[in-house]
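A short write-up of the structure that comes next.
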């Protein structure tokens, strides 16, 4: 096993310490390991979702001509309407 040092912001360090104090984990390495496994699972799920969305898009056929300026203008109008 390779050892890696990680510096955490105070709020994340506090989170680790709280989990240790409550007895949820035996070590800081266990907390970080669980967090990284969760991140890996989320990234994998997101990638699968994107791959499926891409497949569906490709299978839906040609969308025809696309006017990128019109798409940008529509996006800006939607953001403005949403107050963003």
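One table, with the values for the structure above:
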read-out	value
Candidates 45, 21, 73 - the one that is closer than 26 Å to residue 1 by Cα and modelled with pLDDT of 95 or more	21
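Okay, residues lined up against (1) surrounded by 10 or more Cβ atoms within 10 Å (Cβ to Cβ); (2) in contact with a strand residue (DSSP E or B) (Cβ under 7 Å, 6 or more places away or on another chain); (3) in contact (Cβ under 8 Å) with a residue 60 or more places away in the chain; (4) part of a helix (DSSP H, G or I):
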site	(1), (2), (3), (4)
8	yes, no, no, no
18	yes, no, no, yes
32	yes, no, no, yes
38	yes, no, no, yes
49	yes, no, no, yes
53	yes, no, no, yes
62	no, no, no, no
70	no, no, no, yes
78	yes, no, no, yes
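The values are calculated or read from the model by the stated rules, or taken from the named source; none is laboratory data. These figures come from a predicted structure and were not determined experimentally. A quick note on method: Cβ atoms are made from the backbone with ideal geometry, for glycine too, and the neighbour counts reach across all protein chains shown.
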